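The values are calculated or read from the model by the stated rules, or taken from the named source; none is laboratory data. As the structure is a prediction and not an experimental result, all values here were calculated from the model. Glycine gets a Cβ as well: all are built from the backbone with ideal geometry, and neighbour counts include every protein chain shown. Note: areas computed on protein heavy atoms with side chains; ligands, DNA, RNA excluded. Shrake-Rupley method; radii C 1.70, N 1.55, O 1.52, S 1.80 Å.
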Amino acid sequence: MEIHAFDFDGTLTRSDSLLGIIRHQRGTSGLMRVLIMHAPKLLMMKAGQYPNWKVKQKVFRMCFGGMTLDDFNALCEDYARKQKGILRTDGMQRVDEALRRGCKVVVISASIDNWVCPFFQGREGIEIAGTQIEVVDGKLTGRFLTRNCYGSEKVARLLELYPDRKSYRLVAYGDSRGDRELLAYADEAHYREFKK
């Protein structure tokens, strides 16, 4: 068996989907306010002095905490429908090619499952392993239910889905620091390959 594992943001997309969905919800000025409010933590994160997941969760909570799950899912579907253009043509061609050959395809992303899944509607056989969110009484708490699917967590999530590593050949695609462990774990690694 052959598994093709794709990162989402920057690999299959031309832009960051968290920033994209915030802009979709709040407009460009609203996105800028969110970024300015969290600028110190974002700078500390870039310098390696503050955990990636903490900044992401703070931003997520500020923007979506308290929203009903139904409203959030509707927002995610609307975002994916209107922003299909962020998908890289050559990346999606590689996804479709792997599916045609009968390979397993897994999109392993630090982005939230709820907005990643709608981008792949109509493509049967794709599994999504992203960051999952906590919902209590039908509302988003703003916290993550799983660990942020970044770095070594990508390998852990793949092994949750396919634990018998000797039974498959792994081809991985990524573009950033958050993909390095998955790429190193693969039998065949493609780094920053897609351009269009």
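Projecting label points 7 angstrom from Cα along Cα→Cβ for Asp70 and Ser152 puts them 4.2 nm apart.
A full extension of the chain between Leu99 and Tyr191 corresponds to an added length of 31.1 nm, given 0.36 nm per residue minus the alpha carbon distance. Only the Cβ atoms of Lys and Arg (+1) and of Asp and Glu (-1) were treated as charged; on that basis the dipole of segment 1-73 about its Cα centre amounts to roughly 520 debye. Each Lys and Arg Cβ is given +1 and each Asp and Glu Cβ -1; about its Cα centre, the chain then shows a dipole of about 700 debye. Once C-alpha pairs closer than 8 Å and six or more residues apart are averaged by separation and normalised to the residue number of segment 53-196, the relative contact order reads 24 percent. Computed about its Cα centre, the charge dipole of segment 125-179 is approximately 160 debye, with only Lys, Arg, Asp and Glu carrying charge at their Cβ.
Per residue, the solvent-accessible area of the chain (1.4 Å probe, heavy atoms of protein chains only, all protein chains present) comes to 50 Å². Rounded to whole numbers, the Karplus 3J(HN,Hα) couplings from phi for segment 70-75 are 4, 5, 5, 5, 5, 4 Hz, using 6.51 cos²θ - 1.76 cosθ + 1.60 with θ = phi - 60°, and x at Gly and Pro. With angles folded into 0 to 90 degrees, how steeply does helix 152-161 sit against the dominant principal axis of the chain? Use alpha carbons for both and round to 10. Between helix and principal axis, roughly 60 degrees. Inter-part distance, segment 121-186 to segment 1-43, computed on C-alpha centroids, equals 17 Å. Taking the 1.4 Å solvent-accessible surface of segment 19-112 as the whole, the part contributed by carbon and sulfur is 53%.
Each of Val34, Cys63, Ile22 was placed along the dipole of segment 2-75 (beta-carbon charges, centred on the mean Cα), and the one lying farthest toward the positive end is Val34.
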